[in-house]
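No value in this document is a laboratory result; all are computed from the given coordinates. Please read these numbers as outputs of a predicted model, since none were measured by experiment. Positions of Cβ are generated from backbone atoms using ideal geometry, with glycine treated the same way; all protein chains shown enter the neighbour counts.
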Amino acid sequence: MCRHLAYLGPPVTLAELLFDPPHSLVRQSWAPRDMRGGGTINADGFGVGWYPGEGEPVRYRRAQPIWSDPTIAQLAAVTRSAAVVAAVRSATVGMAVLDGAAAPFAEGRWLFSHNGVIRGWPDAVVPLAAGLPVRDLLTLDATTDSALLWALVRHRLRAGADPVEAVGRTVTDVAAAAPGSRLNLLLTDGHRVVASVAGHALSVRETSGSVLLASEPHDDDPGWRSVPEGHLVVATAGEVRIRPLPAPVGAPSRHATVDRTKGANR
Ligand code: GLN
């Protein structure tokens with residue numbers, strides 16, 4: 001299953017995030033350590049989104065292995081940013097391999113990624129998709145579960161939902177409609193990242209003034225901590241909060257609603 005990451009902090013080159021670490025995202029594309037749900041490598045595409053400053057992010061997405069594209073290596077060496085999302089893709093069997101199927105998906109300042117699968121695709125989520133405007137369904141980036149998840153999150157954002165609620169509710173709604181799904185979502189506006197941990201691993205590393213979220217730690221730094229299953233991470237460059245995912249509608253609240261802040265669950 002795909003691997004993704006998000007970085008907020010002082011400007012770094014894309015190469016420092018994608019290529020240089022010993023277990024970098026590029027290495028994770030051909031030698032991931034923690035694949036679940038059937039895939040072995042992440043060779044069906046990749047994407048990087050970065051914020052060149054204030055304003056909308058720039059994306060580069062391709063439907064080929066990241067290691068086989070010389071352009072990304074050149075771009076990464078000279079492109080610096082304070083906010084980056086990147087992903088390498090292992091397409092779920094039956095789903096299209098296209099540039100547009102690779103994360104990050106985007107609108108305005110938002111960048112979005114999904115690591116996982118919707119079980120019972122597409123039938124399980126027909127009722128949820130039916131709640132979207134027809135135009136959104138006709139203009140999906142690709143006919144994949146990840147593109148639909150983005151349309152569901154984006155629909156909530158457009159309606160004014162807070163990003164934490166947009167991600168949290170989308171995960172619980174889809175998990176209820178399609179049990180067994182793996183729904184690690186990642187959403188950022190370049191200042192704050194919201195990420196769910198639902199079926200796949202996610203690790204967080206904070207340093208002074210920066211935060212990095214990644215499906216797999218990219219080095220042996222002891223600062224990495226694993227986020228527990230069933231949680232949401234809400235992070236800025238200065239603060240990381242981890243809280244339980246919202247309970248399904250109609251279900252009793254699973255946990256106290258207090259945030260577990262930095263240091264509480266190392
Ligand atoms: N199911 C999604 C796709 O095919 C994401 C795949 C993944 O996480 N491996 O695009």
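Computed on segment 81-218, with alpha-carbon pairs under 8 angstrom and 6+ residues apart, the relative contact order is 25 percent. Three semi-axes describe the equivalent ellipsoid of segment 101-141; taken as square roots of 5 times the Cα gyration tensor eigenvalues and ordered largest first, they are 20, 16, 8 Å. Overall form of the chain: rounded. Here a/c, set by the Cα gyration tensor axes a ≥ b ≥ c, is under 1.5. Net charge of the neighbourhood of SER29, taken over other residues with C-beta under 13 Å away and scored Lys/Arg +1, Asp/Glu -1, is +2.
Its relative contact order, with pairs defined as Cα atoms under 8 Å and 6+ residues apart, puts the chain at 19 percent.
Using the Cα gyration tensor of segment 167-211, with a ≥ b ≥ c the square roots of its eigenvalues, what is the shape: rounded (a/c below 1.5), prolate (a/b larger than b/c) or oblate (neither)? In terms of gyration-tensor shape, oblate. Given axes a ≥ b ≥ c from the Cα gyration tensor, I'd like to know whether segment 44-106 is rounded (a/c under 1.5), prolate (a/b larger than b/c) or oblate. Oblate, because a/c is 1.5 or more while a/b does not exceed b/c.
Net charge of the neighbourhood of ASP20, taken over other residues with C-beta under 12 Å away and scored Lys/Arg +1, Asp/Glu -1, is -1.
What are the semi-axes of the equivalent ellipsoid for segment 1-61, taken as the square roots of 5 times the Cα gyration tensor eigenvalues, largest first, in whole Å? Intermediate values should be presented prior to the final figure.
Numbers: eigenvalues 115, 36, 17 Å².
They are 24, 13, 9 Å, listed largest first.
Of all complete DSSP H helices in the chain, not one has a Cα span along the helix axis of 24 Å or greater and a mean Kyte-Doolittle hydropathy of -1.0 or more.
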